[in-house]
Amino acid sequence: MRNHNKLFVLALFGFVAPTGCHGDGDGGDEAAMMDTDSGYTSGSASGDGDGDGDGDGDGDGDFIFDDAPLSEYSQIDRTGMPAINSAVITSKDAYNADSPAGDAAGTYVPEIVENLTALHSALDDDLTGLGLVPCAVDDCVAQAAPLVVPDTLKLDLSMDPGFPNGRKLTDPVMDVTLAVVLLDLTVAGQDATTLVGVNPTANDVAFSDSFPYLVAAN
């Protein structure tokens, strides 16, 4: 029971995001939100009133996008990698307003290391008790760095799709992220899928066949 309670600490840190009944199960698939002084409008311009457009997939009337120039927008959030912002970034306002260039310059590396150290201090004994081998913080930082710095959604069209190469709705994104930042992936028998199952692996309602594929929350 103590191990399960300890894993719950991850939720308190914002690392294991609570999953909604009808979401994508990874707790971190929200798009970056933008606003302008004149307002930003999105939603259904036609259809059956359930917010998913007319369902024919041709894009006519599903969404209305403001065509104001980029300079009129203010960036208020970004989340390329799930949970990184909420769990290991301290200066969240500055981070949300920054760009991947700031990540690549190493601006946030010190606070990432500090917060990751705190996570390991809280959880390493329990990971060991579960028969898992935690990584040393410096090694965790090194193995996670290609995914986290810069904090962007990576996509290589020459490789098979699936997180961290893009993000399919059914990918166990949180479990993979946890494994990369907590476990020594050089140990035999441990890899990025070792923690799959820590979070729910499926939704209770099937995805929709038409864009945006997610069904309304209950």
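Considering region 142-171, the residues that are among the β-branched types (Val, Ile, Thr) and buried (at least 19 other Cβ atoms within 10 Å of the Cβ) include one that is farthest from MET81 (Cα to Cα), namely VAL149. Of all the numbered requirements in (1) of a type in the set (Val, Ile, Thr); (2) in contact with a Leu (Cβ under 9 Å, 6 or more places away or on another chain); (3) at pLDDT 95 or above, VAL181 misses one, and that requirement is (3).
Of the residues making up region 172-207, just one is more than 30 Å from SER121 (Cα to Cα) and buried (at least 16 other Cβ atoms within 10 Å of the Cβ), namely ASN203.
The residues in region 140-155 that are without any contact (Cβ under 8 Å) to a residue 24 or more places away in the chain and in a helix (DSSP H, G or I) can be counted, and the count is 3.
Between TYR95, TYR73, the distinction of being closer than 25 Å to PRO164 by Cα and aromatic (Phe, Trp, Tyr) belongs to TYR95 only.
Contact annotation: residue pairs with Cβ atoms under 8 Å, 6 or more positions apart or on different chains, pairing a residue in region 110-131 that is in the same structural domain as ALA188 (by TED's automatic domain parsing) with a partner that is among the hydroxyl-bearing types (Ser, Thr, Tyr) and surrounded by fewer than 17 Cβ atoms within 10 Å (Cβ to Cβ), are GLU111/THR90; GLU111/SER91; GLU114/THR90; ASN115/THR90. The set of residues from region 164-200 being under 16 Å from CYS140 (Cβ atoms) and assigned to a loop (DSSP other than H, G, I, E, B) comprises PRO164, ASP184, LEU185, THR186, VAL187, GLN190, ASP191, ALA192, THR194, LEU195. Criterion applied to ASP175, ASP160, ASP151 was being more than 28 Å from ALA105 (Cβ to Cβ), at pLDDT below 95 and within 11 Å of the chain's Cα centre (by Cα), and the one residue passing it is ASP175. So is MET159 in a loop (DSSP other than H, G, I, E, B) and in the same structural domain as ASN96 (by TED's automatic domain parsing) or not? Yes: the conditions hold for MET159.
Table: residues versus (1) over 10 Å from LEU183 (Cα atoms); (2) in a helix (DSSP H, G or I); (3) not aliphatic (A, V, I, L, M).
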position	(1), (2), (3)
GLY102	yes, yes, yes
THR107	yes, no, yes
GLU111	yes, yes, yes
THR117	yes, yes, yes
ALA122	yes, yes, no
ASP125	yes, yes, yes
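Filtered by the rule that a residue be touching a strand residue (DSSP E or B) at 6+ places or on another chain (Cβ under 8 Å) and either farther than 14 Å from GLN190 by Cα or in a helix (DSSP H, G or I) (or both), region 127-139 gives LEU127, THR128. Can you pull out every residue in region 156-195 that is touching a residue at least 24 places away in the same chain (Cβ under 8 Å) and of a type in the set (A, V, I, L, M)? Scanning region 156-195 gives LEU169, VAL173, MET174, LEU178, VAL180, VAL181, LEU182, LEU183, LEU185, VAL187.
The values are calculated or read from the model by the stated rules, or taken from the named source; none is laboratory data. For clarity, every value in this text was computed on a predicted model and none was experimentally measured. All Cβ positions, glycine included, derive from the backbone under ideal geometry; neighbour counts span all protein chains shown.
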